[in-house]
Each structure stands twice: as C-alpha cells, then as structure tokens.
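Since the structure comes first, as structure tokens, the remarks are kept for the end.
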Amino acid sequence: MTRENAGLEARLAEQESFEPPESFVEQANVADEGIYDEFEENWPACWEQAADLLDWDEPYDTVLEDDDAPFYEWFTGGRLNASANCLDRHVENGAKNRAAIKWEGELGETRTYTYGDLLYEVEAFAAALRDLGVEEDDVVTLYMPMIPELPIAMLACARIGAPHSVVFAGFSADALATRMNAADSEYLVTCDGYYRRGDALDHLSKANEGLGDVEHEVEDVVVVDRLGDAMDHDLAGNQHDYGDLVDAHRGETVDPVSRDAEDMLFLMYTSGTTGQPKGVKHTTGGYLAYTAWTSHAVLDVKPEDTYWCAADIGWITGHSYIVYGPLALGTTTLMYEGTPDYPEKDRMWELVEKNDVDIFYTAPTAIRAFMKWGTEYPDRHDLSSLRLLGTVGEPINPRAWKWYYEHIGGGECPIVDTWWQTETGGMMVTTLPGINTMKPGSAGPPLPGIDARVVDAQGETVEAGNAGYLTVQKPWPGMLRTLYNNDERFLNEYWREYSDEEADEWVYFPEDGAKIDEDGFITVLGRVDDVINVSGHRLGTMEIESAIVGTEGVAEAAVVGGDHEIKGEAVYAYVIPEDGYEGGDDLEAAIVEGVEDAIGPIARPEEVVFTPELPKTRSGKIMRRLLEDIASDNELGDTSTLRNPEIVDEIAAEVQGN
Ligand code: PRX
C-alpha cells in the first residue's frame, strides 16, 4: 500500500457518513426529498406512482383493499400481463433492438437477446408449454441454473398465466421433490447440466432423482441442452428436448393472457423455522409495480443502462432485480452463469469493464471475498462506467462497505444497502441514492410509503439509539399475499406477534432484530428466529437438523449459526452419536452427505462437533444461544439454568481446540 493510500484508508475508516456525489444527484430518477412527505400524506394513493410504471389492460378501481386484512389486495379490478409489461410494450415503443438480456457464460461465450429476440423466444416457449397442456394457473417448476432459458421460461409462464416456482439449481433432489409436492406441480423445466469452474456438472440426474420422489404424476419435463456434446442423457418418455419444442413453435404468436392484478405470478419457497419450506405467493399487479418502482427509485435504473445484479435467479433477488424489475423498465440486464473467481479473481471486474456496467448489485458475502482477495483484481480494470452500487441479503460491516465504496465505486458511486425479504417482494429499508446521506453498516430509512418501525417486545416503538424488533405497520404492494395453500401458517408466521387483531390493526413481523438512530436510520442486526443466513442465503436450522438426525448413527443434533469472516454466518452442527457409534471422520462425512442430499451443498456444516450431551434447560429445551456463543467465540452467557452446565465447557473446549 502506498503512503497516499494508507492516508485515505485511515480517513475512510474514521468517516461515519457519506453524501451522494453531485454528479449522481443531478441525474437521479428520484432526487426530491419531498417524496417522503408526499407518500406519507397521500398514502395509499401514493402507490399509483408505482402502478403508473406499468401498462394495464384494464385500469384498477381501488389501490388498496383492506376488508380482509391481513389478506390485503392491491390495484383491485386491474388487469395486466407481466410478460407484456416486460417485453411487448418495449418492442412496440421503439426498443425492439435494445439488448434486454446480455448473458455471459462461464466459459467465455456470450449471448445477447434484444427485446425483439426475447419476445420471440418467449412466445415460442409459451406456445410449446401450451401445446404440452399447461393451462392458466398450473404451477410450472423451473429447476435451472443461470442460463437465459430460465428467464425465458419465467416470462413464458407469465405470458400464459401459469405461475412459476423456481427451485435454486444448487438445491438437492430432495429439495426439488419437496417443492414440487408442496405446489402440486405437474410440469418441470430443467437442463442437462451447467458449468462450474470449468467443469461440466450433471444436473439432469439430480432432477430425475427428485422426480422419483414426486408423489403425483408429472405430466411433462422439458430439458434444456446446455452442455451439448459434453454430456449425454437419455430422455424418459415424458421428457422433451427444449430446443426441439421451441423449433416446432418458432414464429408463433401467443397473446399475453390478461391476468387479474391479484392473480399469482409466482411461488417461491423459502426456509422457515420448521422443516417444511414456506411457499411465498406473489401476485401480478402489486409485485410487478413494486419491483419496477424500487428498480426506478432505488437502483436508479434507466432504459439506456447496463445493469448487473450478480445474484442467482433461483432466489428472490434474481426474480425481482434481474428479471422483473429491470425488464419492466426496459433496461439491459446482465446475467452471469459462473463464479466470481473463475477463471481468475478479477472475473466480475472484467465483466463490468467489458459491458460498461452502470449499476452493480451484489451481496456482502461477495464483497468480503473480494476484499480478502485484494485490490489488485479490481485495479486491473477500468470501472469508471459504474454509477451506483448496491448490496442485499445480510448486514454489511462498515469495513466491507468502505472497501466497496473506494475500490469498486472509486469514491464516486453511492451505495444502497437494501433490506428486504422473499416475502416483501422488493426493497423496504434503504437510502434513496439521490437523496440520503449514507451511513456504512446501516441500511437507512424505510422507503417512502413504507411504515417500518423498531419496537420492543410489547410492540412499543423504541427510542432512537435502541435495539428491538423490526416491524412493518402498513401494507405495501409487493408484499406476499399468503403462504401457498396455508393461510393459517401465513397468519402465524408473520402477523400474530404484534397485531391487535380485535382492533383490526395488522403489523407484519419479518423476524429480524434492528436498531434505530436519531435520523431514523435502521441497522438490521439479523434474524431472531431459528433461521440462519449463510452467504446471504436463508436456511432453516430445523431443516438441517432433520437431515442430520436422518443420518444413520446420529441420536440428536442441534444446528446454529456462528460468525464467519466471509459467509457472515456458517452452519455449526452439534451432534450426539447413537449408542454403538463413534463421533469421528466417518460419521462426519455421512452427516455432510446427508445434509447435501436433503438440501444442497450450501447448507453443508462448517463444523460438526460431537458431544455426549447438548446443553439443556431443566425443561429439556436445547439452549441454542449458548451453542451460538460457542460457535462465534463469544463470551458465554449464563449457564446456571442448565440441567447440565458442565457440558458447555466441554463443547467449548472441543470447538476452540479445532
Ligand atoms: O435477515 C434479513 C436478511 O435476509 C433476510 C431475508 O432473506 P431472504 O428472504 O432470503 O431474502 C434475501 C434477499 C432479499 C432478512 O430477513 N437481509 C436481507 N437484506 C439485508 C438483510 N440483513 C441486513 N441488511 C440487509 N440489507
């Protein structure tokens, strides 16, 4: 490090707030701070601004219908189609030849789809799906990695009014089967495989294994040939080659089905505190309006931009901010198939330079990895095309924020630290980049129109400077409408904690802890339920525990999250072996394999600690807090209420000894 750099680092380390650069403010989509008051005074009609970003087949009658709260409805009576909003209208408005998706494959190949091309592909696949018998409201499962056929399939489903349920390609066969069973989904679109760090991975065998556990009949499976000659599979009787299907329907016109604003656009399964994932239901009008609005206001997306969200479409971030929000606004969205360190650790910056990326949105876990690899990688590239940076998925530590600001943004790009969830559909708490001061580590104020408050255990708003629980006290258009086929769980999970049901006052509880400061800035502290956040991905500890307990030789297990330098949190498993079994390498390997089979490699334990007992209260409840402290190397809390306090030191010695 040069002396000059060292001086700058030291200055940045001290600096607690940053103003958006004038050059950014001058061109920002939203730069008038009056928007906060305007939305508050004019709520809920303010949300017409979001709806106005879309084209409606039929205008809506009511902005918000709250008769059956918390089963809220938005833009009722309105009709629209999401694929028409993401494609047709741009083609009709002169953007036919603008790039819609630029795809960068891992091996260096590229594909560009203009809005015209994308519409053509979507229509061909929509016609193919229809021909297979997919009808409006049939749930189509998409189990695919980051290849263009994934957004094409999503938009084709949206076009014919068939909700999609995307299952992250890194999830296991079991996870696929659980989700197809829960959604009663009779159609699957998948692929033969994909590339990871130069190797061809077999995906279809995993999909087939999952299909073997689907309890109902699966009508059709469509298989994209991603690997060509690199891998051969025999297709089963109900399996069709994607390319053949599309070729048979090229050039066909498929009119977009006019959907009610409240009709389901998609389902997305996310982890909860039980072993059964939650099927979050998003609708056509509210979700699309909200993702378009937040892409406009927060990500500052403009049609002429090249915008890159480096998430995977298999998670909500990719749905909202690779596909629906950016395409609704008619911009160019970049999609990357591979990993950030292949073929070299400068891959992301090479792609930013090559594509003149204007806006870059990623997760803190990636930023921490970039930081660890060092500045030599971004320094190899001209990153001056960047105008705005974003983060999502987990809290960002101020050091990583400042590194991102300086070494990627060159000190000239605002950073938006966006707090939201699968359930919220889009961003909820973040600065508006053309308006607010930024405070590294703190997401910012709630967005205009979003009534997020930090409350204590009784639901009273905490004073500035204090910590408590994050709540959202008014509905918003992008909110989940229910958990699929499970209204009761929807009520229990999100609404029972702080609502006054008698008074019909409904408070949404996201299960995050948070702090609020004197400027109303919210710092999100993390989950307060048994959900952990590994590399920005949400995993239920119960799901992992049940996979571990299902392994032969395991009597009992407790899984908690422990601090991790790069991943934010990592999975720690404390395991009691069954009588007659030894806790050792063999059992550990079996446990890891069990978790990978049940969920996927992402849930793989960082450490498996064998112990003769787990710390339990006198009533027999496992004291997870203590296990978390051990995993994170924190000072241990009170052990006096334990039935077996001595075990805590034993476990701590075991972990620290490693
Ligand atoms: O704990 C919060 C954390 O991620 C959770 C939501 O996870 P998921 O539904 O998978 O969606 C992730 C992408 C939107 C939240 O409950 N989280 C998300 N964004 C932030 C965050 N924690 C702190 N700061 C954030 N910006």
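Within region 115-153, if we keep just the residues that are assigned to a loop (DSSP other than H, G, I, E, B) and under 18 Å from V254 (Cβ atoms), the residue that is least open to solvent (accessible area, probe 1.4 Å) turns out to be V134.
Scanning region 351-364 for residues that are surrounded by 23 or more Cβ atoms within 10 Å (Cβ to Cβ) and in a helix (DSSP H, G or I) yields V352, P364.
Can you find a residue that is touching a helix residue (DSSP H, G or I) at 6+ places or on another chain (Cβ under 7 Å), open to solvent by less than 30 Å² (accessible area, probe 1.4 Å) and not in a strand (DSSP E or B) anywhere in region 96-114? No, region 96-114 has no match at all. Residues in region 508-543 that are away from the ligand (no atom under 11 Å from the Cβ), crowded, with 21+ Cβ neighbours inside 10 Å and either among the polar types (S, T, N, Q) or at pLDDT 95 or above (or both): 4 in all.
Being touching a helix residue (DSSP H, G or I) at 6+ places or on another chain (Cβ under 9 Å), in a loop (DSSP other than H, G, I, E, B) and over 21 Å from D88 (Cβ atoms) holds for only one residue in G330, G338, and it is G338. What residue, among those in region 207-234 that are in a loop (DSSP other than H, G, I, E, B) and aliphatic (A, V, I, L, M), is most open to solvent (accessible area, probe 1.4 Å)? Ranking the candidates gives M231 first. Counting only helices (runs of 4 or more DSSP H) that sit completely within region 1-64, those holding 2 or more residues that are modelled with pLDDT of 95 or more correspond to 22-27, 34-41, 48-51.
If the condition is being open to solvent by less than 20 Å² (accessible area, probe 1.4 Å) and part of a loop (DSSP other than H, G, I, E, B), then region 395-419 contributes I396, G409, C413, P414. Being touching a helix residue (DSSP H, G or I) at 6+ places or on another chain (Cβ under 7 Å) and not aromatic (F, W, Y) is the filter here, so list the residues in region 26-48 that pass it. Across region 26-48, the qualifying residues are N29, V30, A31, E38, C46.
Based on this model, can you work out whether D192 counts as surrounded by fewer than 18 Cβ atoms within 10 Å (Cβ to Cβ) and over 24 Å from the mean Cα position of the chain (by Cα)? Against the criterion (surrounded by fewer than 18 Cβ atoms within 10 Å (Cβ to Cβ) and over 24 Å from the mean Cα position of the chain (by Cα)), D192 does not qualify. Within region 306-320, residues that are of a type outside the set (S, T, Y) have Cβ atoms under 6 Å from residues that are within 10 Å of the ligand (Cβ to nearest atom) and in a helix (DSSP H, G or I) in these pairs: C309/Y321; A311/T317; A311/G318; D312/G318, counting only partners at least 6 apart in sequence or on another chain. Listed by first and then second residue, the pairs with beta-carbon distance under 8 Å, at least 6 apart or on different chains, first residue in region 420-438 and open to solvent by less than 10 Å² (accessible area, probe 1.4 Å) and in a loop (DSSP other than H, G, I, E, B), second among the charged types (D, E, K, R) and away from the ligand (no atom under 13 Å from the Cβ), are P433/D300; G434/D300.
Of the strands (runs of 3 or more DSSP E) that lie entirely inside region 235-308, those containing 3 or more residues that are at pLDDT 95 or above and under 16 Å from the mean Cα position of the chain (by Cα) span 264-270, 278-283.
Take the conditions (1) within 16 Å of the ligand (Cβ to nearest atom); (2) under 20 Å from G275 (Cα atoms); (3) surrounded by fewer than 17 Cβ atoms within 10 Å (Cβ to Cβ); D563 misses just one of them, which is (2). Only one entry of E497, E502 meets the criterion of being acidic (D, E), open to solvent by 30 Å² or more (accessible area, probe 1.4 Å) and away from the ligand (no atom under 16 Å from the Cβ), and that entry is E502. For region 367-394, which positions are within 16 Å of the ligand (Cβ to nearest atom) and either assigned to a loop (DSSP other than H, G, I, E, B) or open to solvent by less than 20 Å² (accessible area, probe 1.4 Å) (or both)? Passing the criteria: I367, L388, L389, G390, T391, V392, G393, E394.
The values are calculated or read from the model by the stated rules, or taken from the named source; none is laboratory data. In this text the structure is predicted, and so the values were computed from the model without any measurement. Here Cβ is always computed from backbone atoms with ideal geometry, including for glycine, and neighbour counts include all displayed protein chains. Keep in mind that these areas ignore ligands, DNA and RNA; they rest on the heavy atoms of the full protein, side chains included. Shrake-Rupley method; radii C 1.70, N 1.55, O 1.52, S 1.80 Å.
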